[in-house]
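The values are calculated or read from the model by the stated rules, or taken from the named source; none is laboratory data. The structure displayed is predicted, hence computed values, not measured ones. Reconstructed Cβ throughout: ideal geometry from the backbone, glycine too, with neighbour counts over all protein chains shown.
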Amino acid sequence: MSFLSHLHTDLRQARRVRRGATHAPEDVPQGLHKSYPRMELTELPPPAAIQATLSHILNSRISYRDGGDQSRSNSLDTWGTLLGLALKKRDGSHKRNYPSGGALYPIETYIIGTIANFAPSVFHYNPGKHALEKLWELPADFNIKDLAPSPQDLLFSSIIVFTAVWERSSAKYGDFAYTLALLEAGHMSENILLAATALKLKSRPMAGFDDDALVSLLDLDPPYEQPVHTITVSF
């Protein structure tokens, strides 16, 4: 057996006995997400309706390697539609437009780069308020290409980062939460990619990011929260 086969089998078996779980299933809260109440909050406009058909969007989606037209408007309206259709909480519910194991939503979303008239910054997306929380401005010497071992992979104006807050779902599912978190990040990624395609944005999923650089830039506590996926976006 290969290492990957062993790992897959081990995690599947862990699911049966809830190995590593710390709470009874009924005691684990659903629909949680991080918030930064002391940070500047900007509410996003509600998502606009998409006119293109699903078949057209699916057939049009590609992973771009080149940047976009930087003269295009990097507006809050566009970000509101992109993040709103893909990731926000549904009105009156803790559910969202993608599946999550046990509705526990262990994946958080950050944006690194330029949004509207803000200085280049790090933002957290609050799916409950459909808002951006500005965490801090990027260092003056920051280069978005520093986040990837292959700099040519980053010719984009912004990066969406998905992180996993492990204990949010491991409390119920134990070690199997690892599998569920990665699946969820994939569901979220596809929503972003399809919404970006409909909005005629250039996007590309990128798993080959520099973990240490992202952990430092986002000020994450790795035992608690780690980056698991990124998507580059350009207008």
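Here is a yes/no grid of residues against (1) modelled with pLDDT of 95 or more; (2) buried (at least 16 other Cβ atoms within 10 Å of the Cβ):
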position	(1), (2)
Arg96	yes, yes
Gly113	no, yes
Gly128	yes, no
Leu138	no, yes
Lys145	no, no
Ala148	no, yes
Gln152	no, no
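Just one of the listed residues (Gly92, Gly102, Gly84, Gly80) is of a type outside the set (Val, Ile, Thr), over 18 Å from Leu135 (Cβ atoms) and in a loop (DSSP other than H, G, I, E, B), and it is Gly92.
Any residue in region 1-15 that is within 11 Å of Gly174 (Cα to Cα) sitting within a Cβ distance under 9 Å of a residue that is in a helix (DSSP H, G or I) and small (Gly, Ala, Ser)? List the pairs, counting only those 6 or more apart or interchain. Matching pairs, first to second residue: Ala14/Gly174; Arg15/Gly174.
Residues considered: Pro227, Pro205. Of these, the only one that is in contact with a strand residue (DSSP E or B) (Cβ under 6 Å, 6 or more places away or on another chain), surrounded by fewer than 21 Cβ atoms within 10 Å (Cβ to Cβ), under 15 Å from Ile111 (Cα atoms) and not hydrophobic (A, V, I, L, M, F, W, C) is Pro205.
Candidates are the residues of region 38-59 that are free of Cβ contacts under 8 Å to residues at least 24 places away in the same chain and small (Gly, Ala, Ser); the one that is surrounded by the most Cβ atoms within 10 Å (Cβ to Cβ) is Ser55. Scanning region 158-201 for residues that are in contact with a Leu (Cβ under 9 Å, 6 or more places away or on another chain) and outside any helix (DSSP H, G or I) returns Ile159, Ile160, Val161, Thr163, Ala164, Val165, Leu199, Leu201.
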